[in-house]
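S.K.: My questions will all concern the structure given below.
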Amino acid sequence: AWGMYFDVHFSQLELANQVWISTAPKSEKTHWRQTVFYLKDVLTVSKGEAISGTVSCRPNSNNHRDLDFTISYKHHGKAEGKKTGSSEYRMR
């Protein structure tokens, strides 16, 4: 699973009123939240191994309040060798 959170900076406000909001685990709570994206397959990662990939987010074409995510990854590990994957998610 991928645990995700985000930070946002409202920079179009006057300099004195600019706002930073974070949904990081140790940040002050907001009405926004963290989320978990579950993988289709098990991915075994050992200490010291790296995972590379991309996360893309776009508004859903049918409902502007929904977000569509695509998460792709590559991993070359001791336990399972080379493994790649890609999953689509919708956040409502």
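The values are calculated or read from the model by the stated rules, or taken from the named source; none is laboratory data. These figures come from a predicted structure and were not determined experimentally. In this analysis, Cβ positions are derived from the backbone assuming ideal geometry, glycine residues included, and neighbour counts consider all displayed protein chains. Protein only, heavy atoms only, side chains kept; ligands, DNA and RNA dropped before computing areas. Shrake-Rupley method; radii C 1.70, N 1.55, O 1.52, S 1.80 Å.
S.K.: Determine the pairs where a residue that is among the small types (Gly, Ala, Ser), located within the stretch 36-48, has a partner that is in a loop (DSSP other than H, G, I, E, B) and surrounded by 10 or more Cβ atoms within 10 Å (Cβ to Cβ) with Cβ atoms under 8 Å apart, the partner being 6 or more residues away or on another chain.
M.R.: As it stands, the answer is Ser46/Lys78; Ser46/Ala79, since those pairs meet every condition given.
S.K.: Does Ile21 satisfy being of a type in the set (A, V, I, L, M), part of a strand (DSSP E or B) and closer than 16 Å to Ala1 by Cα?
M.R.: Numbers: of a type in the set (A, V, I, L, M): yes; part of a strand (DSSP E or B): yes; closer than 16 Å to Ala1 by Cα: no.
The answer is no for Ile21.
S.K.: Among all residue pairs at least 6 apart or on different chains, which show Cβ distances below 6 Å where the first residue, located in the stretch 70-92, is under 11 Å from Thr44 (Cα atoms) and the second is basic (Lys, Arg)?
M.R.: What qualifies is His75/Lys83; His76/Lys82.
S.K.: Please enumerate the residues belonging to the stretch 1-51 that are of a type in the set (D, E, K, R) and closer than 25 Å to Lys83 by Cβ.
M.R.: From the stretch 1-51, those of a type in the set (D, E, K, R) are 7, 14, 26, 28-29, 33, 40-41, 47, 49; that's our starting set.
Across the stretch 1-51, the qualifying residues are Lys40, Asp41, Lys47, Glu49.
S.K.: Can you tell me which residues in the stretch 44-78 are more than 14 Å from the chain's Cα centre (by Cα), of a type in the set (Gly, Ala, Ser) and open to solvent by less than 90 Å² (accessible area, probe 1.4 Å)?
M.R.: Passing the criteria: Ser46, Gly48, Ala50, Gly77.
S.K.: Please determine, by comparing only the residues of the stretch 1-39 that are aromatic (Phe, Trp, Tyr) and surrounded by 10 or more Cβ atoms within 10 Å (Cβ to Cβ), which one is nearest to Thr54 (Cα to Cα). Walk me through how you get there before you give the answer.
M.R.: From the stretch 1-39, those aromatic (Phe, Trp, Tyr) are 2, 5-6, 10, 20, 32, 37-38; that's our starting set.
Filter once more, so that each one left must be surrounded by 10 or more Cβ atoms within 10 Å (Cβ to Cβ): 2, 5-6, 10, 20, 32, 37.
Working: Trp2: 12, Tyr5: 15, Phe6: 15, Phe10: 24, Trp20: 24, Trp32: 22, Phe37: 13 Å.
Top of the filtered list is Trp2.
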